[in-house]
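Below is one structure; the comments refer to it alone.
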Amino acid sequence: MRRLTAKPGEVHRVTDQIYRITLHQPFYAPNQVYLIRDKTTMLIDSGYVESIAPLALALKSLGLAMRDIDVIVYTHPHIDHITGGLLWSQYSRRTERWGHYDMARAIPDYPEFIDIWQADTARILTLAYKDKQARTSRIRRANDRWARFVHRFAEGLDSSGASVRHSSRAEALHGHASSGASVRHSKIGDRAVILDRLLKEGDEFSTGKLHFRILETPGHCTWHITPVETTVGFAFTGDVLIGNIPAIYDKLDGNLELFQQTLTKLLDLRKASPHMRFMPAHGDEIQHPERAIKIVQKTIGILENGLLKKLVEGRKDLVDLMESAFGAHLEGGNHFITALELLEALLRKLMREGRVGSQVYADGHEEFYLKH
Ligand SMILES: [Zn+2]
């Protein structure tokens, strides 16, 4: 194993038994990984593959080696939460990994899952832009971003200590998937999402003094769970509440109706346990959970009404709707694709409700209109 020379993630002690480890990553706000120090030592999420060294060093500063981690629980399988865990078996074969019961079946090959995300960026830009040149240049720019991203994933897989033998990085990423059994101890980490325990709504387990119950919280991601610590009162809400605007990829693994149900479920959780603290996977502890949830609910309502109002003017495409919802300044920014995806999620919901229709042209461009 190569020496880990990275800077350790910042450790913040939440309670005697709960620690937050902040890991910087290239795509979004830093990841928060939570460490549970109990009879069972548990991590909630594992960070991005590239931050495995900062995570290991943070653990080391607390006197823990990677093999001391008994369990990693994944809130959901997005790249910045799970890919550290995919590499974990290189360092500790004894660590169990737990997650949503359907996640492993749904993602048999993680690099392919990333390819699907990349393809979806091209898909949404194609439907959004009527002008071919505008479309092509934006897809090219997005692909460049993805190429850097995939490169980092590959780099992470070999520079964090695992050596990639007999294969180039490109092959390591795009070669054929082997069967689950042989993948398990592959030199480049696990291509497949491998789970030692399948979790579903209502499952309970104890780590010693602390007790956990699993809530299924889909919407941001179909396979999103919220581990709830019921003794002291902590909800590890993953990516459900990350700022005022939710990230929902309707054509991938997100769903707006399910997301709204999840928000209600979290409000109910606070009603039942008013002192429950909400710990997200990005950003600081959520100080006022009810308020945070209500702002998100309100934002969704405002965006939906805005879309309907704009469609009264006549047929619009996603770019028109985007400009009227967020202003043209978002164009090209980091959150541009996420904002397009959110508007699409809202439109698909309105289409499922029969309020909006759409026409897809032969070149993939799509226009939306009000029904009736
Ligand atoms: Zn996520």
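The table that follows gives values for the structure above.
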item	result
FRET efficiency estimate (nearest 0.05) - Cβ-Cβ, HIS211 to THR136, R0 51 angstrom	0.40
Within the stretch 221-262: backbone nitrogen closer than 20 Å to the ARG291 label point (7 Å, Cα to C-beta)	235, 237, 240-246
The stretch 300-370, relative contact order in percent, only Cα pairs under 8 angstrom and at least six apart counted	40 percent
Phi to ³J(HN,Hα) by Karplus 6.51 cos²θ - 1.76 cosθ + 1.60 over the stretch 226-243, Hz, x for Gly, Pro	10, x, 10, 8, 9, 7, 8, x, 9, 10, 9, 8, x, 9, 5, 10, 10, x
Contour minus Cα-Cα distance for LYS251 and LYS7 (0.36 nm per residue)	84.1 nm
Debye intensity ratio I(q)/I(0), log10, the stretch 250-291, q values 0.13, 0.14, 0.26, 0.33 Å⁻¹ (C-alpha model)	-0.35, -0.40, -0.96, -1.10
Charge dipole (debye, nearest 20) of the stretch 183-328; +1 at Cβ of Lys and Arg, -1 at Cβ of Asp and Glu	140 debye
Between the stretch 189-253 and the stretch 265-309, the Cα center-to-center distance that results, in Å	16 Å
The chain, relative contact order [Cα under 8 Å, separation at least 6], %	14 percent
Ratio Rg/Rh, restricted to the chain and using Cα atoms, in which Rh is the Kirkwood radius	0.98
Whole-Å semi-axes of the stretch 191-311's equivalent ellipsoid (Cα gyration tensor)	27, 19, 11
Segments 43-52, 277-286 sorted - mean Cβ within 10 Å per residue, highest first	43-52, 277-286
Distance between the stretch 342-372 and the stretch 313-329 - C-alpha centres, whole angstrom	13 Å
Under 5 Å, built H, 5+ apart or other chain: amide partners of PHE234	GLU229, ARG277
The stretch 260-324, relative contact order [Cα under 8 Å, separation at least 6], %	22 percent
Extension gain from LYS371 to THR231, taking 0.36 nm per residue of separation minus the Cα-Cα distance	45.4 nm
Kirkwood Rh, angstrom, the stretch 236-372 [1 / mean 1/r, Cα pairs]	16.1 Å
R0 of 35 Å, Cβ-Cβ distance VAL312-ASP268: FRET efficiency to nearest 0.05	0.50
For peptides 228-238, 261-271, sequence by mean Cβ density within 10 Å, most packed first	228-238, 261-271
Computed helical MRE - 222 nm, the chain, DSSP H runs ≥ 4 contributing -39500 (n - 2.57), nearest 500	-12500 deg cm²/dmol
Cross-link partners of LYS209 among lysines (Cα-Cα below 20 Å; sequence separation of 8 or more within a chain)	LYS39
Where the Cα pairs of the stretch 300-370 fall when distances are cut into 5 Å bins, in %	4, 17, 30, 27, 17, 6, 1
Nearest-0.05 FRET efficiency for GLU204 and LYS39, computed from C-beta distance (R0 22 Å)	0.90
Built amide H within the under 5 Å cut-off of TYR48, gap 5+	GLY84
Rounded tilt (10° steps) of 110-128 against the dominant C-alpha axis of the chain	20 degrees
Fraction in percent of alpha-carbon pairs per bin - 5 Å, the stretch 7-127	2, 11, 21, 23, 18, 11, 7, 4, 2, 1, 0
Inter-label distance, nm, simple model (7 Å from Cα along the C-beta direction), GLU112/ARG352	2.6 nm
Degrees separating the helix 52-61 axis from the principal Cα axis of the chain, which is the longest one	40 degrees
Nearest-ten-degree value, helix 256-272 long axis tilted from longest Cα axis of the chain	50 degrees
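The numbers here are math on the coordinates, done by the rules we state, and not lab data. Here the structure is a predicted model, which is why all the values come from computation and not from measurement. Every residue, glycine among them, receives a Cβ derived from its backbone with ideal geometry; neighbour counts consider all protein chains shown.
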